[in-house]
1. Which pairs do you get when a residue that is more than 15 Å from Leu290 (Cβ to Cβ) and assigned to a helix (DSSP H, G or I), found in the stretch 429-448, comes within reach of a residue that is open to solvent by 10 Å² or more (accessible area, probe 1.4 Å) and of a type in the set (Val, Ile, Thr), reach meaning Cβ atoms under 9 angstrom, with the pair 6+ apart or on two chains?
2. Here's a check for you: in the stretch 394-420, which residue that is open to solvent by 50 Å² or more (accessible area, probe 1.4 Å) and within 32 Å of the chain's Cα centre (by Cα) is nearest to Leu204 (Cα to Cα)?
3. Do you know which residues across the stretch 163-177 are open to solvent by less than 80 Å² (accessible area, probe 1.4 Å) and away from ligand 1 (no atom under 16 Å from the Cβ)?
4. Can Gly167 be described as at positive phi and modelled with pLDDT of 95 or more?
5. Taking Ser391 as the residue in question, decide whether it is open to solvent by 10 Å² or more (accessible area, probe 1.4 Å), within 16 Å of ligand 1 (Cβ to nearest atom) and assigned to a helix (DSSP H, G or I).
6. List pairs: first residue in the stretch 53-64 and under 12 Å from Lys32 (Cα atoms), second residue open to solvent by 40 Å² or more (accessible area, probe 1.4 Å) and outside any loop (DSSP other than H, G, I, E, B) anywhere in the structure, Cβ distance under 7 angstrom, at least six positions apart or on different chains.
7. Against the definition (modelled with pLDDT of 95 or more and either assigned to a loop (DSSP other than H, G, I, E, B) or away from ligand 1 (no atom under 16 Å from the Cβ) (or both)), how does His233 come out, yes or no?
8. Go through (1) away from ligand 2 (no atom under 15 Å from the Cβ); (2) out of contact with any strand residue (DSSP E or B) (no Cβ under 9 Å at 6 or more places or on another chain); (3) under 16 Å from Glu207 (Cα atoms) one by one and return the number of the condition Phe356 breaks.
Amino acid sequence: MKREKIKTLLAAAVPQPQVLVKGWLRTRRDAKTFSFIELNDGSCLENLQVIADSALANYGEIMALGTGSALAVSGSLETSQGKGQLLELRAEVITIIGKSPETYPLQKKRHTDEYLRTLAHLRPRTNKYGAAFRIRSELSFAIHQFFREQGFFYIHTPIITGSDCEGAGEMFRVTTLDPFSPHPVGTGEDFFATDAKLTVSGQLSAELFALALGDVYTFGPTFRAENSNTRRHAAEFWMVEPEMAFCDLDGNMDLSETFIRSLVTHLLTHSAEDIALFTKFVAPSLASTLDTLATQPYERIPYAEAVAILNRSGKRFSFDISFGKDLQSEHERYLAETHFKRPVIVYNYPKTIKPFYMRLNDDEKTVAAMDMLVPNIGEIIGGSQREERLSVLEARMADANLPREPYWWYLDSRRYGSAPHSGFGLGFERMLMLVTGIQNIRDVIPFPRTPKGLDF
Ligand code: 4AD
Ligand code: MG
């Protein structure tokens, strides 16, 4: 007999004479002549109620089963007499696959997120983390579906790279030399015979492909060695990076807005049950946040106006803000959360605080950058129109003290058939925080990597 998923059985909502399910025991309640087992197989939030009759051959053993035990149950799926569920499984055979003794750390009571982080290997078995990681999976597919429907091509950009896209000096080194080798890392004796790093962004490669295939995107892991131990930074995170040829900053902002709106709408339909858990237990305001994201227009303001709003706010920030300074997370959150109460795209940032590749505006002071800021998180998207003019790009690289030679291939794209193009990067984990209300990035990543944190 084939194993049925509990999700499929419950969704179909029809009794069946013979089914086989396999899963883990969540709770057991014993009555006089039978025992109720709540079985969960990870396919959905809901458990399947199993009725184990005392006539079962191994009933004695079943009565001793602890939370977390793995079982196979076959029997008939019947309309439930009791309240709380439509269907229940009347067990004919219960096979005990793996017992879970009393030392199982996930007993029935609710545990804190901090405690569950120390149990990252077991936490997906809880309702909350099961839901979070099912949403993570659904969101990944929604992203691919969105771009596919829009005619974008999916490009795999390298993880090991020699170039620092963001120029922020936050890269991890890749070397095969041992720490006491007499040969310096990144030289002739090293594996690549040059400085090799883990990528911080697939953008530069994506640009080259946009200038060949039109509209492309990358979606993969990126790495940043920024030593910021905050609730929204991870050393290893996933980024979605669309890049569009013949597209200016306005088109870029339009795409970012359509994109976020479409992802939220997708999840409201396809992950409704899991999202409902977060609305109920994690973030009561989540339902209205998601409704705003899906239905309301987003705000767009130039950076200079954002600075003016912050200075007019009368609010005391820990960091001062004036033209030329980068927005801190407190500023970003004030704009999105308090001032506009919805996502806001801030554009045209001072060139001094943005990377070399962003297109210089006619004022020669600002670049065609755009950041999308959202309530609760702050920056979720960073992007720009790219500098397509070779001479301007070279001047910007010189300003940033970047050597031209290692970027010869990038500069070539501005030599041969250069064209306006734009793109952005969405922090995948920050998007997950937004749609679940989860407050810490460590809780939306299966096995998070953060400063001084490399467990599991
Ligand atoms: O703003 P960032 O640095 O932009 C880029 O890397 C561009 N090259 C993207 C592009 O234009 N193709 O990063 C993009 C997004 C941020 O807005 C944020 O959501 C996320 O990536 N991000 C992080 N997420 C988790 N942990 C970190 N340490 C992150 N750093 C950036
Ligand atoms: Mg950024």
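1. From the stretch 429-448, the pairs are Glu429/Ile445; Ile441/Thr230; Ile441/Thr450; Arg442/Thr450.
2. My answer is Trp409.
3. Within the stretch 163-177, the first condition is being open to solvent by less than 80 Å² (accessible area, probe 1.4 Å), and the residues that meet it are 163-172, 174-175, 177.
Answer for the stretch 163-177, where residues must be open to solvent by less than 80 Å² (accessible area, probe 1.4 Å) and away from ligand 1 (no atom under 16 Å from the Cβ): Val174, Thr175, Leu177.
4. Details: at positive phi: yes; modelled with pLDDT of 95 or more: no.
No: the conditions fail for Gly167.
5. Numbers: open to solvent by 10 Å² or more (accessible area, probe 1.4 Å): yes; within 16 Å of ligand 1 (Cβ to nearest atom): no; assigned to a helix (DSSP H, G or I): yes.
Criteria not met by Ser391.
6. Cβ pairs passing all conditions: Asp53/Phe34; Ser54/Phe34; Met63/Asp30.
7. Taking the combined requirement at face value, the residue satisfies it.
8. Checking Phe356 against (1) away from ligand 2 (no atom under 15 Å from the Cβ); (2) out of contact with any strand residue (DSSP E or B) (no Cβ under 9 Å at 6 or more places or on another chain); (3) under 16 Å from Glu207 (Cα atoms), the one that fails is (1).
The values are calculated or read from the model by the stated rules, or taken from the named source; none is laboratory data. The model shown is predicted, which means the values in this text are computed figures rather than measured ones. Quick reminder, even Gly has a Cβ in these numbers, built from the backbone with ideal geometry, and neighbours come from all protein chains shown. For accessibility, only protein heavy atoms count, side chains too; no ligands or nucleic acids. Shrake-Rupley method; radii C 1.70, N 1.55, O 1.52, S 1.80 Å.
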